[in-house]
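Novice: Starting off with a structure, shown below.
The values are calculated or read from the model by the stated rules, or taken from the named source; none is laboratory data. For clarity, every value in this text was computed on a predicted model and none was experimentally measured. Cβ atoms come from the backbone with ideal geometry, glycine included; neighbour counts cover every protein chain shown.
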Amino acid sequence: MARIRSNDEGMWLGERFIPMPRTISAEAQAFLANPMFHSPSASPALDDAAGWKAYAAGIDAAMIAAMKANVHRTPGTLREHRLAHGTLFEAIPDALRPGGEGRAVLNIHGGAFVCGGGEAAALAGLQLAGRTGLKCYSLDYRMPPDHPFPAAVEDSCEALRFVLARHDPAHVALYGGSAGANLVTVAVWMSRDAGLPLPAACVLHSPGSDLSGSGDSQHANADLDVVLGGGDGAALRLYAGGHDLADPRLSPIHADYTPGFPPTILTTGTRDLLLSDTVRLHRKLRGAGVSAELHVWEAMCHGLAHDAPEAREVLGEQVAFIHRHLGLD
């Protein structure tokens, strides 16, 4: 379906015109007209390993450049821990929040399971540490094409064990966006089932909870989401590696949350391709008796609109949730 974008008008979806929403900030409007990141409509063939590595490198380069331009806002120091396979960065902010000693956040990055690792994961840890004023561990997990599922799940579970062994679980929160939110969710319930204690809180931003793409917004927002819209879902198939997408380790919408899950905040937007994934996971958690909040932002597509006031508001809600559940409010 053809798409024409304009700062002043909006976009055409075939014969249907979607006006630029005037209910959001000028910065958010500018992002919708010209997103910093977007998924290419054509992906490499699933057996083209070199093509996937080039695909990921191109997206990573844009992410790293954007993060480096803003890293001065969240100064801190980095340490590096080697896990069995992955790397866990430990980011310590220069300005530690009063009372924040001993508290920690574990971040698991997004990027459709194929992007966002390496330097991008380290910088993401520094940013989250600066915004929360807390120590932040940021996982660089194994990814396809070399390491499809379940490598990322194994690395995420190991990272959570690492953090829980060094911090009181009541002082640990987890943060994940998109694919990272999928991995956070999976790592928590798998670790719970293995006998580990639950952390204090989870932040899930636009979680990919159903890799089969069966939710309503996967169709309703297929072209409206200027970040994920128009993609072909090949990265998810590459990650799954031929495994059944109904496996809850791939699609945590199918997991059982009745044995317990941490208090959780889920955030999304009305133009997000993964709006349904987020809404359905929220209902699944609520149905299991989990304390779960759902926050939906006007006209927000997948991810954050970066320097827009709405992005700062999303992060503010998430940080406040972390502080509250780590006893820092």
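Every residue, every condition in (1) touching a residue at least 60 places away in the same chain (Cβ under 8 Å); (2) buried (at least 24 other Cβ atoms within 10 Å of the Cβ); (3) out of contact with any helix residue (DSSP H, G or I) (no Cβ under 8 Å at 6 or more places or on another chain); (4) on the phi < 0 side of the Ramachandran plot, yes or no:
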| position | (1), (2), (3), (4) |
| --- | --- |
| R103 | yes, yes, no, yes |
| N107 | yes, yes, no, yes |
| C136 | no, yes, no, yes |
| P148 | yes, no, no, yes |
| E158 | yes, no, yes, yes |
| D168 | yes, no, yes, yes |
| V186 | yes, yes, no, yes |
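Novice: Further question on the same structure: Give all pairs with beta carbons closer than 7 Å in which a residue from segment 72-89 that is under 13 Å from F162 (Cβ atoms) and acidic (D, E) meets a residue that is surrounded by 11 or more Cβ atoms within 10 Å (Cβ to Cβ) and at pLDDT 95 or above; count only pairs at least 6 apart in sequence or on separate chains.
Specialist: Note: pairs meeting the criteria are E80/T87; E80/F89.
Novice: Here's something else I'd like to know. Would you point out which residue out of T77, T132 is touching a helix residue (DSSP H, G or I) at 6+ places or on another chain (Cβ under 8 Å) and of a type in the set (S, T, N, Q)?
Specialist: T132
Novice: For the structure I just gave you, tell me whether A255 is over 15 Å from G213 (Cα atoms), buried (at least 19 other Cβ atoms within 10 Å of the Cβ) and touching a residue at least 60 places away in the same chain (Cβ under 8 Å).
Specialist: Here the answer is yes, as A255 does meet what is asked.
Novice: On to the next question. When G116 is evaluated against the numbered criteria (1) within 14 Å of A56 (Cα to Cα); (2) more than 14 Å from the chain's Cα centre (by Cα); (3) buried (at least 24 other Cβ atoms within 10 Å of the Cβ); (4) not aromatic (F, W, Y), which criterion, by number, is the only one it fails?
Specialist: (2)
Novice: Identify, please: which residue in segment 172-227 is touching a strand residue (DSSP E or B) at 6+ places or on another chain (Cβ under 9 Å) and β-branched (V, I, T) and is, among those, farthest from G125 (Cα to Cα)?
Specialist: Ranking the candidates gives V226 first.
Novice: Report yes if A122 is assigned to a helix (DSSP H, G or I) and either in contact (Cβ under 8 Å) with a residue 24 or more places away in the chain or acidic (D, E) (or both), otherwise no.
Specialist: yes
Novice: Which residues, taken from segment 49-63, are touching a residue at least 12 places away in the same chain (Cβ under 8 Å), surrounded by fewer than 17 Cβ atoms within 10 Å (Cβ to Cβ) and within 20 Å of R142 (Cβ to Cβ)?
Specialist: If the condition is that a residue be touching a residue at least 12 places away in the same chain (Cβ under 8 Å), surrounded by fewer than 17 Cβ atoms within 10 Å (Cβ to Cβ) and within 20 Å of R142 (Cβ to Cβ), then A49, K53 are the ones that fit.
Novice: Here is a follow-up. Can you work out which of the residues in segment 313-329 that are part of a loop (DSSP other than H, G, I, E, B) and surrounded by 17 or more Cβ atoms within 10 Å (Cβ to Cβ) is modelled with the highest pLDDT?
Specialist: Of segment 313-329, the ones part of a loop (DSSP other than H, G, I, E, B) are 326-329.
So of that shortlist, the ones also surrounded by 17 or more Cβ atoms within 10 Å (Cβ to Cβ) come out as 326, 328.
Details: L326: 98, L328: 95.
Among those that are part of a loop (DSSP other than H, G, I, E, B) and surrounded by 17 or more Cβ atoms within 10 Å (Cβ to Cβ), it is L326.
Novice: Could you list, in sequence order, the residues of segment 292-312 that are surrounded by fewer than 16 Cβ atoms within 10 Å (Cβ to Cβ) and either touching a His at 6+ places or on another chain (Cβ under 9 Å) or aliphatic (A, V, I, L, M) (or both)?
Specialist: E293, V296
Novice: Being in contact with a strand residue (DSSP E or B) (Cβ under 6 Å, 6 or more places away or on another chain) and among the acidic types (D, E) is the requirement here; does D244 meet it?
Specialist: Taking the combined requirement at face value, the residue does not satisfy it.
Novice: Which numbered condition in (1) closer than 30 Å to M20 by Cβ; (2) touching a Leu at 6+ places or on another chain (Cβ under 6 Å); (3) not hydroxyl-bearing (S, T, Y) is the only one that E293 fails?
Specialist: (2)
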